[in-house]
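Step one of this worksheet: look at the structure below.
The values are calculated or read from the model by the stated rules, or taken from the named source; none is laboratory data. Bear in mind that the values here come from a model prediction, so they are computed numbers and not experimental data. Cβ placement follows ideal geometry from the backbone for every residue including glycine, while neighbour counts extend to all protein chains displayed. Just so you know, the surface numbers come from the protein's heavy atoms only, side chains and all, with ligands and any DNA or RNA stripped out. Shrake-Rupley method; radii C 1.70, N 1.55, O 1.52, S 1.80 Å.
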Amino acid sequence: MPYIVHIKPNDLILHVNPGETVLQAALRQGFSFPFNCQNAVCGTCMGRVLRGKIEYLNDAEDELCEEEKEEGYTFFCSAIPKSDLVIEMFNVEAPAEEPVKTVSYVAATSHALSPNTLLLELYPQNKEEALIFRAGQYVYIRQNEEAQAYSIANAPDDSGRIELHLRHTEDNIFAQKVIDLAKVQQPIALSGAYGHCVLHAHPAMPTILLAAGTGFSQMKALIEEALNRSLQNPIYLYWGARKREDLYAHALALEWAEHYPFIHYHAMLSAPEPGTWDGDTGYIDEYVVKQHVDLSGFQVYASGPPDMVFSAFDLLTKHGLNADFMYADILLLGK
Ligand code: FES
């Protein structure tokens, strides 16, 4: 059972798992929480325990003077709750929750990423009304009574731009209508932003991004966000698809891996056409557990069809992944 930590003066509630520090729990849940060294040295995470019991990671308590101890001061990067707590910590903010709204966007550009995947670059008709979103979230495209969800493929920037990777086939009438509107630059209604699968900056935690098909779009946004925030935790991007053409941004992913030493990329196909692929074949989650036999200490983001996400969840947690550190919108719906 997680402990409940009541943070004053902002009256925020944090759930901390057994064995977890207050800072780890705050970052896992997307709070903005002051920290720097994560090692009971800099004092950035220092606050007071007003009620409840803690224990310390390592010998962090030795870094406090007697007066600080008497007043309840502690380093929250090293404080592990042993009961529910009331703490005093300034400058803590809850994860931003923007109200969901529907806004008209217009396609500035659209081009084929593959024979059946189109990149749409959309801007709000009125910039003041742009949707506020975080990297990793998704929007619904709305048409009359119908709506379909699409991951936003970029990290937010000042322009209000939203990039979508639209998979279309002849029998997907909804997508065909969106493409028709985009071609003639007619308004497209987007509502959002939705989803809690956003980047959690767990200190020094290696990150696995697991994408199937156009699930790559969400991972692209998370990588852009990590680069914008200059995070350098190791990132392992694994992308699985059926055919070579479905790896529609293979060159971009290879480029990331070449330019950033902390980004690693591997793609595999489950049903390549003869002569189109000389890489690995099979299922990407099975490849991940061969590469990382022990996944304790990792965080994983997954995006793709529900079957793939659930099967990856089962397999990866069997290999030591803490279930609390697997993020996928389909899983978070139940949390
Ligand atoms: S983050 Fe530096 S002391 Fe906790």
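The figures follow:
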item	result
Hits in the stretch 135-160 (condition: under 20 Å from the mean Cα position of the chain (by Cα) and assigned to a strand (DSSP E or B))	Tyr138, Val139, Tyr140, Ala149, Tyr150, Ser151
Test: residue in the stretch 292-305 that is assigned to a helix (DSSP H, G or I) and of a type in the set (D, E, K, R)	no
Residues (within 30 Å of Thr44 (Cβ to Cβ) and open to solvent by less than 80 Å² (accessible area, probe 1.4 Å)) located in the stretch 95-121	Pro95, Ala96
Hey, Glu286 assigned to a loop (DSSP other than H, G, I, E, B) and surrounded by 11 or more Cβ atoms within 10 Å (Cβ to Cβ) or not	no
Yes/no for Ile54 being more than 30 Å from Gln185 (Cβ to Cβ), in contact (Cβ under 8 Å) with a residue 24 or more places away in the chain and either more than 16 Å from the ligand (Cβ to nearest atom) or touching a Lys or Arg at 6+ places or on another chain (Cβ under 9 Å) (or both)	yes
Test: residue in the stretch 58-69 that is surrounded by 14 or more Cβ atoms within 10 Å (Cβ to Cβ), more than 11 Å from the ligand (Cβ to nearest atom), in the same structural domain as Glu20 (by TED's automatic domain parsing) and touching a residue at least 40 places away in the same chain (Cβ under 8 Å)	no
Meets criteria (within 30 Å of Asn154 (Cβ to Cβ), open to solvent by less than 70 Å² (accessible area, probe 1.4 Å) and either in the same structural domain as Tyr327 (by TED's automatic domain parsing) or within 16 Å of the ligand (Cβ to nearest atom) (or both)) for Pro124	no
The one condition in (1) among the acidic types (Asp, Glu); (2) away from the ligand (no atom under 16 Å from the Cβ); (3) open to solvent by less than 50 Å² (accessible area, probe 1.4 Å) that Glu20 fails to fulfil	(2)
Residue within the stretch 2-14 that is surrounded by fewer than 19 Cβ atoms within 10 Å (Cβ to Cβ), more than 11 Å from the ligand (Cβ to nearest atom) and of a type in the set (Phe, Trp, Tyr) present	no
Condition broken by Ala193, with the remaining ones in (1) open to solvent by 20 Å² or more (accessible area, probe 1.4 Å); (2) at pLDDT below 90 satisfied	(1)
Residue match in the stretch 70-77 (condition: open to solvent by 20 Å² or more (accessible area, probe 1.4 Å) and assigned to a helix (DSSP H, G or I))	yes
Tabulated pairs, the stretch 10-34, first more than 20 Å from Ala60 (Cα to Cα), second acidic (Asp, Glu) and within 16 Å of the ligand (Cβ to nearest atom), C-beta under 9 angstrom, 6+ apart or interchain	Arg28/Glu20
Verdict on Val92 being surrounded by 18 or more Cβ atoms within 10 Å (Cβ to Cβ) and within 16 Å of the ligand (Cβ to nearest atom)	yes
Any hit, the stretch 38-46, residues being more than 10 Å from the ligand (Cβ to nearest atom) and either assigned by TED's automatic domain parsing to the domain that holds Cys77 or surrounded by 13 or more Cβ atoms within 10 Å (Cβ to Cβ) (or both)	no
